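Working notes, beginning with the structure itself.
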Amino acid sequence: IWHEICNALIYAYPAFRRGTADGSGSHGISSKVWRDAFEDSIELQNLLDTAESQTEGVIAKGIRALRMMADGYTSREIGEQMETSANNVTAWISKARKYLKSNPELTELKNATL
């Protein structure tokens with residue numbers, strides 16, 4: 001379930017920011033749902049900021065890579081920007097996800113969104 005939520009955030013967030021092709025941005029969803037999603041997104045970003053500042057090395061790189069994926073970059077593109085291989089990026093993301101999964105604040109946010 002955790003990976004499905006992470007993947008949903010990674011792939012849905014760029015679509016959330018872009019809106020619909022006609023520019024309305026509504027996707028047929030009520031403004032309250034959009035507002036709640038936006039607030040959850042802000043809370044998630046704040047938690048990621050905190051987690052990134054509390055970590056170093058591979059986990060911090062993994063959190064940065066997760067953010068880049070949320071912006072629509074592929075592992076290969078992230079690797080090019082971070083001057084490493086796509087396989088390293090994938091490994092960093094895996095370690096960052098394990099770390100984030102063990103974070104009780106993120107677990108609470110995950111449970112609140114289910």
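The values are calculated or read from the model by the stated rules, or taken from the named source; none is laboratory data. The structure displayed is predicted, hence computed values, not measured ones. FYI the Cβ positions are ideal-geometry reconstructions off the backbone, even for glycines, and counts take in every protein chain you see. Quick note on the areas: whole protein, heavy atoms, side chains included, nothing else; ligands and nucleic acids left out. Shrake-Rupley method; radii C 1.70, N 1.55, O 1.52, S 1.80 Å.
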Review point. Taking interchain pairs and intrachain pairs at least six residues apart, which have beta carbon atoms under 7 angstrom, with the first residue in the stretch 86-103 and surrounded by fewer than 18 Cβ atoms within 10 Å (Cβ to Cβ) and the second of a type in the set (S, T, N, Q) and modelled with pLDDT of 90 or more?
Key: 86/75; 90/75
Exercise for review: Quickly run through the stretch 62-88 and pick out the residues that are aliphatic (A, V, I, L, M) and closer than 18 Å to residue 51 by Cα.
Suggested key: 63, 65, 66, 68, 69, 70
Check your understanding: Considering only the stretch 56-82, how many residues are open to solvent by 30 Å² or more (accessible area, probe 1.4 Å) and either farther than 17 Å from residue 95 by Cβ or touching a residue at least 12 places away in the same chain (Cβ under 8 Å) (or both)?
Key -> 16
